[in-house]
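Shown next, in structure tokens, is the structure this report addresses.
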Amino acid sequence: MIEVVLNDRLGKKVRVKCNKDDTIGDLKKLVATQTGTRADKIRIQKWYNVYKDHITLQDYEIHDGMGLELYYN
Amino acid sequence: MANRTDPTAKNIHGTNPQNLVEKILRSKIYQNTYWKEQCFGLTAETLVDKAMELDHVGGTFGGNRRPTPFMCLVMKMLQIQPEKDIVVEFIKNEDYKYVRVLGAFYLRLTGTDTDVYQYLEPLYNDYRKLRQKLADGRFALTHVDEVIDELLTKDYSCDIAMPRIKKRWTLESIGTLEPRRSALEDDFEEEEDKEDDDQIMIDSEPDAREKDHYRGRSPARDRDRDRKRDSHRQYRERDYDRDRDHDHDRDRGRGRDRDRGRERERDRDRYRLRDDRDHGRERGRERERDDRESDRRDRDRCRRRSYSRSRSRSRSRDRKERGGDRDHRKRHGRSSASPRKHEDENGNVREESKKKKQKKPKEDGTDHPDPEIAEANRIRASLGMKPLK
């Protein structure tokens, strides 16, 4: 179980607990329950890399405590 | 200049019509090449030509969420705000299905409740296929009536949040709308007549188009509902299946509970679906035998369960109640002073959760000792994900 921090630089900072083998899509759903936006409106990036929905966190080498950028579609 | 709404346009739902589409999507549409090239200076007539050239429906697609031409045309209609008769013409035309769906979408966004139901429900009879562009860019097959159903029942479609409309039964109860007559009703009545000769008569709900089963209805109303033929069974079958699973935990009233038992029997015979139907049948039989006892039990259960929404949540709530009450009792040493109702409930609660725990260890991790993790697991279970490791 890892905890990922998502920050949208406009005041929304969300800490989400998830598994390593969850996909980005699952992570988006968890973020959606916490922030209140819809899951398909969320875009998770790291600098200019937009993270795709079907790849797991483990494959993106997202570790515990790592910060990701939260953008909206 | 080109993106301003027509100055003579009226406000829709209290706002500039273009604001029905949210900001991010709106800016994406304005920057889209289709919008800039094709949708410049369109009037209602030329818009029809563009609409006839449409070949797929959809919201946004791709990694950067580009809007489809369908979206751009919806936006254009919101901008120029054509007359209602033009929109109705769009809907009524039989030749071009995408024009129809475009008109229906626009009407759903801008029309009043009555109009929406009145004009969109006839489209349920249109079974033509449509090409839908999904979010990842692929095409999927859908049908006109599926799209209309989505417009009428969900509050989000093609990446646009639909304005709230009243439920159909609300409009019927005020009298602005007639109860829904389906095109298949006559066929069903025949089938009903044949089957009901051998079956016992059961209570049933009057209107098939009730989408919101989970609104609280008074038990008196359930009881008073006479035994009517259920000619709208098929439409409700979906809801029924959902209900049946939930009904093991959720009771909304004694009358309905009894009904469910009998209905399960009947359904098993008639439809021959899954195994849990048998389980339901046994339950139903039990209930019929010990009517009074079960009523009392159900009443208590109902009172408690009426606060819970989902199985896992009710379980966690049981646990909270149970834990809280035990501590409370210990601290305050109350053995019988609490009002009988409450105690009865708790007694019941504890008994039944214990029974459940013995029967089935929880797999979705909502019984984790750490409350935060239990909460997280509950959310994950509700989303359909496995628990945290």
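Taking the Cα of B:T15, stepping 7 Å toward and past its beta carbon, and measuring to each backbone N in the stretch B:95-109: which are under 13 Å? Answer for this model: none. With a 10 Å cut-off around each Cβ of A:40-47, the average count of Cβ atoms from other chains is 2.
In loop segments of the stretch B:105-194 as defined by DSSP, the trypsin sites (Lys or Arg not before Pro) with at most 12 further C-beta atoms inside 10 Å of their C-beta are B:R128, B:R138, B:K154, B:R164, B:R181. Working from label points 7 Å from Cα in the Cα-to-Cβ sense, the A:I55 to B:T33 distance is 2.7 nm. With both labels modelled 7 Å from their Cα along Cα-to-Cβ, the B:I24 to B:E195 distance reads 4.6 nm. As a calculated quantity, the FRET efficiency between A:V5 and B:D186 at R0 = 56 Å, using C-beta atoms, amounts to about 0.40. Pairs exceeding 31 Å between alpha-carbon atoms, taken from B:K154/B:K194; A:K52/B:K166; A:K41/B:K389; B:K10/B:K92; A:K12/B:K154; A:K28/B:K28: B:K154/B:K194; A:K52/B:K166.
Multiplying the residue separation of B:E150 and B:T114 by 0.36 nm and subtracting their alpha-carbon distance yields 11.2 nm. Shown here for the stretch B:19-80: GluC sites (Glu not before Pro) in loop regions (DSSP other than H, G, I, E, B) with at most 16 other Cβ atoms within 10 Å, namely B:E22, B:E53. In the stretch A:2-72, the ratio of gyration radius to Kirkwood radius, Rg to Rh, stands at 0.90 when only Cα atoms are counted.
Each listed q (0.20 Å⁻¹) maps to a log10 I(q)/I(0) for the stretch B:17-184 from the Debye sum over equal C-alpha point scatterers, namely -1.45. When the charge dipole of chain A is built from unit charges on Cβ atoms (+1 for Lys and Arg, -1 for Asp and Glu) and taken about the Cα centre, the candidate among A:L6, A:Q45, A:Y72 whose Cα reaches farthest toward its positive end is A:Y72. The value given for the stretch B:16-75 is a Kirkwood hydrodynamic radius of 11.9 Å, derived from the mean inverse Cα-Cα separation. Taking chymotrypsin sites (Phe, Trp or Tyr not before Pro) across the stretch A:12-73, the ones in a DSSP loop with at most 16 further Cβ atoms lying within 10 angstrom of their Cβ are A:W47, A:Y48. Enter the Cα centre distance for the pair the stretch B:131-193 and the stretch A:22-61, rounded to the nearest angstrom. When both Cα centres are located, 31 Å separates them. In this simple spin-label model, placing a label point 7 Å from the Cα along the Cα-to-Cβ direction at both B:T8 and A:V14 gives a separation of 4.5 nm.
A short reminder: the numbers here are calculations on the coordinates, not readings from a lab. Please read all numbers here as calculations on a predicted model, not as lab measurements. A quick note on method: Cβ atoms are made from the backbone with ideal geometry, for glycine too, and the neighbour counts reach across all protein chains shown.
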